[in-house]
Structure formats: structure tokens, C-alpha cells
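Okay, structure first, notes after.
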Amino acid sequence: MMTFLIFLTSRMPVRRCGGLALLLASVLLAPVASADGTLLVIANLGADQKITLSREQVRNLFMGIPVGESLTPVVLTADNKARAGFNTRVIGMAEARIQSYWAQMKFTGRKTPPAEFRSEAELIEFVQKTPGSIGYVSASTKLPDNLQVVYEDAR
């Protein structure tokens, strides 16, 4: 039987046993965004502006922290696989933790969460029509010519 450790916020290890728990954890922590798992962060910047963002800049931007560019992030709804991949691979947080963060930011009046869209097609349509907006999609999604890929996560 396999054994692994789970660390709580107090940094004290709690021992759990069982291969089933490990299998379940690996399934839940392996989201699929596209056939090859690649995610694209896209933006409507205008024809004369070209930028490339780092993973850290994308993370900060989608968590409401300015990165020196005037961009407004938009996201997919929580039930979307591309969002799950984006949250774990780019943001580095689970959905519940991100929801908690935004609830706290809204409650204290410091920040508002990004607008949500039910599908990649709706998100792309909004980004295409809204200069300065930025969002993410799976790499298999067909993009209009006026949108620029500013970050690619190909894990």
C-alpha cells in the first residue's frame, strides 16, 4: 500500500494511506485544457502594440495586481476545464483558494474579480470587441486575427 504526506497550513504532516487516495489526487490535479494541454493567454492590444508577458506577470494580472500594462482580465467560469488548467498551472492555486481570495477582496472593497464567460467563444468575442482586455483559451481554439498571444503555457 502506498503512503504519502499531506501538509496542512500549520506545516505539520498528516499521514494518510492508500493508493486510491493517491490516484484520486492525481486525477483531480491533472486538468486537461486542450488535447496537448497548452493554454494561450490572448489580448486585444491594437495593431501597433506587441507585448509578451511572463508567467508571473500573467498570474499577477489575473489576481488583480498591476503589471505595468493597462489590461483588463476576463476569465472562464469555474466549471470550464481550461480555467482549471489555468488556475493550477499559471496562477498556482486551487479554485477554492482563488474564490476565497476574491471574496475577501470584494468584501474589503479593494478589488473586483474579473468578468466571467461560460465558453471560450464568448470570452474571445468579448476580448475581440474590447481593447485592452486579456483572457485565456485552450490552444486548440481558433483565434481571430486581431488578437495577440501574449503568453503560452505548454506543459
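Values quoted throughout were computed directly from the atomic coordinates according to the rules given, and no laboratory measurement underlies them. Nothing here was measured: the structure is a model prediction, and the numbers come from that model.
Brief remarks follow.
- Stretch gain in nm, segment Ala154-Ser140, where the contour uses 0.36 nm per residue and the Cα spacing is subtracted: 3.8 nm
- Residues with amide H under 5 Å from that of Ser133, placed H, sequence gap 5 or more: Asn44, Thr72
- Rounded to 5, the percent of DSSP beta bridges in the stretch 33-153 classed as antiparallel: 65
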